[in-house]
Amino acid sequence: MQLNSLTLDKPFILAPLAGYTDLAFRLLCREYGAALCYSEMISSHGLVYRQQNTFDLLQTVAEERPVNMQLFGADPEIMGEAAAILCETVAVDCIDINMGCPVKKVIKRGAGCALMRDPQLAEQIIRKVVANAKVPVTVKFRSGWNHHTITAVAFARMAEEAGASLVTVHARTWTDGFSGEVDWGVIRAVKQAVGIPVIGNGDIESHHEGEKMMRETGCDGVMIGRAALGNPQIFKPGAMMPSRQSRLTALKRHLELIARFFPVERVLAKTKNHAGKYLKGLHGGSTMRARLYDCKDFAELQQVVEGFLGQELS
Ligand SMILES: Cc1cc2nc3c(=O)[nH]c(=O)nc-3n(C[C@H](O)[C@H](O)[C@H](O)COP(=O)(O)O)c2cc1C
């Protein structure tokens with residue numbers, strides 16, 4: 001798949017997940033075969049007004065490249081400026097614009113999926129970001145605002161015309177939130193309408209299902225979000241349900257990456273949340289999860305995981 005000068009050799013992509021897709025998790029997913037990983041959404045205001053907690057989200061390393069950092073906002077000038085700051089501050093390979101987030105806090109400010117109700121403003125934002133970014137710009141949006149306004153095709157054409165190099169369609173409406181059926185027909189229609197690569201998204205739970213989405217809709221790639229949590233193996237070609245041992249091995253590696261990049265005690269609660277996902281569905285998983293949540297510090301957490309893995313191997 002080609003985005004201007006950037007070539008993606010594989011079609012599976014890690015979705016932006018606020019609170020989850022930080023550097024450690026992105027790198028882990030790259031190690032397991034993701035072609036490209038998206039950062040969590042980054043506030044354009046936070047970058048322009050130089051807020052430290054926003055700059056903290058820009059952490060990246062050469063090994064994880066290519067990386068796509070996602071901006072959100074509703075002001076074309078601020079979004080354009082944020083894109084320029086992003087390119088000056090870090091080695092980023094593409095910039096994504098969030099036009100699909102349904103969360104109230106984001107919608108209230110006219111950003112995220114609210115932009116699907118104002119395609120003219122959305123177009124101004126895309127044009128400004130494209131003009132200021134030194135890298136390809138991608139746009140992520142939904143099927144439409146509600147089931148009476150399925151506007152993804154017109155929106156995708158507008159994005160292409162405004163200079164976007166790739167679009168991702170989460171084939172649900174704003175009113176659906178994160179449940180309700182994903183409409184593959186919308187992905188197919190978008191693919192037929194534009195010349196740029198189209199990524200399909202929504203409820204893909206296995207590599208096999210992702211391949212089916214590509215076959216049946218013609219989309220160029222598949223974006224996986226929730227199913228990658230606790231299961232980065234999903235990016236491995238031909239991956240089946242990971243074994244208990246392979247899940248624990250992935251968790252161990254995830255903890256190593258967290259220790260390498262973050263002040264471990266400051267991210268303990270978040271780490272436990274990630275760790276819990278690896279145990280979901282395992283026999284005895286709830287007892288194991290309770291044991292993890294009891295850990296007082298990161299070192300104990302690592303020991304407990306080593307212990308689980310030792311039991312597995314013995
Ligand atoms: C916890 C959580 C955080 C998310 N954060 C973002 C975000 O920052 N930016 C964005 O565009 N979408 C975000 N999404 C939407 C996902 O990227 C994705 O479109 C959606 O979850 C559907 O894909 P999935 O079924 O594979 O998870 C988020 C979803 C979840 C569940």
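The values are calculated or read from the model by the stated rules, or taken from the named source; none is laboratory data. Quick caveat: nothing in here was measured; it's all calculated off a predicted structure. Neighbour counts are summed over all protein chains in view; Cβ atoms, including those assigned to glycine, are modelled from backbone coordinates with ideal geometry.
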**Request:** Please note which strands (runs of 3 or more DSSP E) are completely contained in the stretch 157-226 and include at least 3 residues that are within 24 Å of Ile107 (Cβ to Cβ).
**Result:** 166-173, 198-201
**Message:** I'd like the full set of residues that are in contact with a strand residue (DSSP E or B) (Cβ under 6 Å, 6 or more places away or on another chain) and either in a strand (DSSP E or B) or on the phi > 0 side of the Ramachandran plot (or both), limited to the stretch 93-123.
**Reply:** Cys94, Ile95, Asp96, Ile97, Asn98, Met99, Gly112
**Request:** For residues that are over 14 Å from the mean Cα position of the chain (by Cα) and either among the β-branched types (Val, Ile, Thr) or surrounded by fewer than 13 Cβ atoms within 10 Å (Cβ to Cβ) (or both), tally how many sit in the stretch 57-76.
**Result:** 4
**Residues that are within 15 Å of the ligand (Cβ to nearest atom) and of a type in the set (D, E, K, R), drawn from the stretch 212-229** = Lys212, Arg226
**Prompt:** If we keep just the residues of the stretch 36-56 that are within 22 Å of Glu160 (Cα to Cα) and among the aliphatic types (A, V, I, L, M), which is surrounded by the fewest Cβ atoms within 10 Å (Cβ to Cβ)?
**Reply:** Met41
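If I filter the stretch 235-246 for residues that are within 16 Å of the ligand (Cβ to nearest atom), over 18 Å from Thr21 (Cβ atoms) and in contact with a Lys or Arg (Cβ under 7 Å, 6 or more places away or on another chain), do I get at least one hit?
no
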**Asked** Of the residues Gly163, Gly202, Gly185, Gly195, which is out of contact with any Phe, Trp or Tyr (no Cβ under 7 Å at 6 or more places or on another chain), at positive phi, away from the ligand (no atom under 12 Å from the Cβ) and assigned by TED's automatic domain parsing to the domain that holds Gly80?
**Response** Gly163
